[in-house]
1. Could you please let me know if GLU84 is acidic (Asp, Glu) and within 21 Å of LEU107 (Cα to Cα)?
2. Kindly establish whether THR41 is within 13 Å of the chain's Cα centre (by Cα), within 23 Å of ASP282 (Cβ to Cβ), modelled with pLDDT of 90 or more and hydroxyl-bearing (Ser, Thr, Tyr).
3. Can you tell me which condition ASP68 does not meet? The list is (1) touching a Phe, Trp or Tyr at 6+ places or on another chain (Cβ under 7 Å); (2) more than 21 Å from GLU127 (Cβ to Cβ); (3) free of Cβ contacts under 8 Å to residues at least 60 places away in the same chain, and all the others hold.
4. Looking at this structure, is ALA224 farther than 23 Å from GLN146 by Cβ, in a helix (DSSP H, G or I) and touching a residue at least 24 places away in the same chain (Cβ under 8 Å)?
5. Quick check on ALA333: is it buried (at least 21 other Cβ atoms within 10 Å of the Cβ) and modelled with pLDDT under 95?
6. For THR109, indicate whether it is β-branched (Val, Ile, Thr), surrounded by 19 or more Cβ atoms within 10 Å (Cβ to Cβ) and closer than 30 Å to ILE178 by Cβ.
7. Within region 45-62, track down each residue that is surrounded by fewer than 20 Cβ atoms within 10 Å (Cβ to Cβ) and not in a strand (DSSP E or B).
Amino acid sequence: MVNVVGIGGGIGASRLWLTLHDALEDDAADGPSGLTLVVNTGDDLWAHGVRVCPDLDTTLYALSGRQDVERGWGTKGESWRCMEAVRGLGGEVWFHLGDTDLATHLLRTAWLREGVGLAEVTRRLAEGMGLRCRVLPATEQPVSTQLLCTDGERRSYQEFLVRDAAGPRVHEVTYAGIPAARPAPGVLEALESADLIVLGPSNPVASLGPVLAVPGIREAVRDAGCPVVAVTPTVSRVPFDDPGEARRADSRQRLMESRGVQATATGAAEMIRDLCDVFVLDTADAQEADAIRAFGPDVLLTPTLASAGRAPRALADAVLGAADTRRPVRSGAIGGVGR
């Protein structure tokens with residue numbers, strides 16, 4: 001069995017994790033799939049009195065078949081009576097929690113208040129949803145992605161993305177709480193024993209960045225004895241026809257430009273040039289391949305865009321096929337994503 005560790009968060013990554021999980025399960029018989037996911041917690045927030053972990057929840061819902069694939073977040077067949085009642089009572093509702101989604105947050109909040117760590121809380125939720133892979137938070141300490149925008153206001157990432165529709169220009173992105181953060185139980189052990197590490201198609205600053213910024217994680221990825229494959233988070237030459245995808249693209253552009261790189265596959269590759277051995281590029285952006293190779297990684301060309309809530313099987317096959325790549329010796333962080 002191949003031990004694969006995926007790193008990232010958000011909707012794009014969850015679609016790849018689902019397809020990778022299915023591909024690995026084909027070889028796993030009745031045992032665990034061999035997939036471990038280290039998920040971003042920089043988006044976590046308190047909302048309506050409960051602790052919400054958007055990227056962890058998106059991952060759990062996708063892998064358990066609960067996800068609303070049209071929205072890309074939350075659970076399918078959802079109702080919104082609780083939020084309607086909150087609004088009717090005068091509460092502010094810009095972050096929506098569906099009625100069945102709320103059950104996850106109620107349980108998580110209760111367990112956290114009992115002193116259970118977030119890694120164990122996530123394990124219990126994954127077990128309750130019938131998952132056969134491991135899902136780990138990047139850290140158990142609170143970390144918050146904070147954006148200083150050009151209007152002078154400092155916002156959390158969820159305020160920027162959800163409340164403000166990714167509209168404001170971003171001057172600076174920081175990860176509050178990172179100096180005190182430590183990798184969650186199981187994270188470093190998973191990276192050390194991995195046969196393949198996959199940097200998912202996640203927003204490089206908001207979803208991948210907070211994970212790699214946790215002290216010890218970026219170094220563990222860079223020093224791992226296995227190949228590291230990154231999947232492009234963006235396809236520049238395919239237009240968006242979905243408002244949610246367009247908003248996420250606007251967010252990615254704002255945040256990457258705040259780091260001084262273009263919101264392209266080449267820009268994403270530049271931000272992880274010290275980690276990446278193989279970069280998977282969408283065939284639509286093939287003209288960027290030479291620029292990415294100049295950073296050091298091999299480039300694989302394959303379709304990457306998801307359909308019906310999951311990445312193409314050809315993408316999973318390309319990623320898993322990179323497990324035999326010989327890893328060069330690397331030294332020195334470039335900065336960027338984990339800054």
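The values are calculated or read from the model by the stated rules, or taken from the named source; none is laboratory data. Here the structure is a predicted model, which means the values were calculated and not measured. Cβ coordinates were reconstructed from backbone atoms using ideal geometry, including for glycine residues, and neighbour counts include every protein chain displayed.
1. On the way: acidic (Asp, Glu): yes; within 21 Å of LEU107 (Cα to Cα): no.
No: the conditions fail for GLU84.
2. no
3. (1)
4. In short, no.
5. So ALA333 fails the test.
6. Taking the combined requirement at face value, the residue does not satisfy it.
7. HIS48, GLY49
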